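The values are calculated or read from the model by the stated rules, or taken from the named source; none is laboratory data. Since this is a predicted model, take the numbers as computed values, not measurements. Methodologically, a virtual Cβ is constructed for each residue, glycine included, from the backbone with ideal geometry; neighbour enumeration extends over all protein chains shown.
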Amino acid sequence: MTQPSGRLYGLGIGPGDPELLTLKAYRILKSVPVIAYPSLESGKVLARAIVADYLSDDKIEIPMPLPFSVERSSQPYYDIAAEKIAVHLSAGQDVAVLCEGDPFLYGSFMYIFNRLSARFPTEVVPGISSTLASAAALGVPITYRNDVLSIMPATLSAEILSDRLAVADAAVIIKLGRHFAKVRDVLKERGLWERALYIERATMPNQRIVPIAEVEPGEVPYWALILIPSQWKGEV
Ligand SMILES: C[S@@+](CC[C@H](N)C(=O)[O-])C[C@H]1O[C@@H](n2cnc3c(N)ncnc32)[C@H](O)[C@@H]1O
């Protein structure tokens, strides 16, 4: 008789505060024998750090080294990570891939999903996205009534960012890091600079909220975003 394969979980673990895991993510995290998580070449492993207090010593861990650099293709890294995970799934072990925020919203889990979900039973557990956690931390509603929200990566060109912002009532700009100065210039051109709010590492112990005009472009971390909330026009 062939061994039934294990189950692959894409586990949304929220934006940083360990209390922002869902009960379902917590239960699955406790029960699986194997976890995998992205690890930067610098050795930083944010997703693991979020759930560190919930991990037992007997858990098998698969760090997935990723370059996080536009200069190099991530494809070979995901190929290797997927095959390491597949070894455990083939042996009948469930594997949870930890994903900061939500797995299907700009999450690296999607690339593991695309490689393995046709071969193994797969379940995605949604997580609280950084976009939503940031609005809560900043204390601003994102959208009213018929407003349209756009989420866009700062890695887009200035022209595309500008075009997208022109038709959005509210916007969240992620993947900020070294793209901050470009985004700043676009926001100023579009007359959105005064409305823009900045936050770093939302819900983490080192969360930082500062007026956007005080942000030093060279010091913006990857874990930062800009929120442009909708404008309340006084109606109910
Ligand atoms: C690849 S995307 C992953 C988004 C994630 N799946 C989510 O649902 O939040 C990474 C970007 O999300 C934003 N981000 C993620 N966590 C954050 C946090 N705690 N505070 C601020 N921004 C965050 C940053 O802009 C970062 O560059």
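How many residues does region 145-180 contain that are in contact with a His (Cβ under 7 Å, 6 or more places away or on another chain) and among the polar types (S, T, N, Q)?
The number of residues fulfilling the criteria is 1.
Return only the number of the condition from (1) under 22 Å from Ser130 (Cα atoms); (2) in contact with a Ser or Thr (Cβ under 6 Å, 6 or more places away or on another chain) that Tyr9 does not satisfy.
(2)
Checking the structure you have, find out if any residue of region 112-128 is within 10 Å of the ligand (Cβ to nearest atom) and charged (D, E, K, R). Even if it seems obvious, please write down each step before you answer.
As a first pass, look at region 112-128 and keep what is within 10 Å of the ligand (Cβ to nearest atom): 126-128.
Now restrict to residues that are charged (D, E, K, R): none.
Scanning region 112-128 turns up no residue that is within 10 Å of the ligand (Cβ to nearest atom) and charged (D, E, K, R).
With Ala170, Ala133 as the choices, which residue is crowded, with 18+ Cβ neighbours inside 10 Å, within 11 Å of the ligand (Cβ to nearest atom) and at pLDDT 95 or above?
Ala133 is the lone residue from the list that is crowded, with 18+ Cβ neighbours inside 10 Å, within 11 Å of the ligand (Cβ to nearest atom) and at pLDDT 95 or above.
Output the residues belonging to region 108-148 that are closer than 23 Å to Pro67 by Cα and assigned to a helix (DSSP H, G or I).
Result: Phe109, Met110, Tyr111, Ile112, Phe113, Asn114, Arg115, Leu116, Ser130.
Tell me which residues, restricted to region 181-217, are within 16 Å of the ligand (Cβ to nearest atom), in a loop (DSSP other than H, G, I, E, B), touching a helix residue (DSSP H, G or I) at 6+ places or on another chain (Cβ under 8 Å) and of a type in the set (A, V, I, L, M).
Ala196, Ala202, Val215
Limited to region 198-227, what total is found for residues that are without any contact (Cβ under 8 Å) to a residue 60 or more places away in the chain and more than 23 Å from Leu40 (Cβ to Cβ)?
Residues in region 198-227 being without any contact (Cβ under 8 Å) to a residue 60 or more places away in the chain and more than 23 Å from Leu40 (Cβ to Cβ): 5 in total.
Which numbered condition in (1) modelled with pLDDT under 95; (2) farther than 24 Å from Tyr106 by Cβ is the only one that Ser5 fails?
Of everything listed in (1) modelled with pLDDT under 95; (2) farther than 24 Å from Tyr106 by Cβ, Ser5 misses just condition (1).
Could you give me the residue pairs with C-beta distances under 7 Å whose first residue belongs to region 134-160 and is among the polar types (S, T, N, Q), whose second residue is buried (at least 16 other Cβ atoms within 10 Å of the Cβ) and not in a strand (DSSP E or B) wherever it lies, and which are 6+ apart or on separate chains?
Pairs that qualify, where the first residue is among the polar types (S, T, N, Q) and the partner is buried (at least 16 other Cβ atoms within 10 Å of the Cβ) and not in a strand (DSSP E or B), are Ser134/Ala202; Thr143/Asp169; Thr143/Ser230; Ser150/Arg164; Ser150/Ala168; Thr155/Lys175; Thr155/His179.
In region 93-105, how many are touching a Gly at 6+ places or on another chain (Cβ under 7 Å) and either under 14 Å from Arg119 (Cβ atoms) or not small (Gly, Ala, Ser) (or both)?
Counting residues in region 93-105 that are touching a Gly at 6+ places or on another chain (Cβ under 7 Å) and either under 14 Å from Arg119 (Cβ atoms) or not small (Gly, Ala, Ser) (or both) gives 7.
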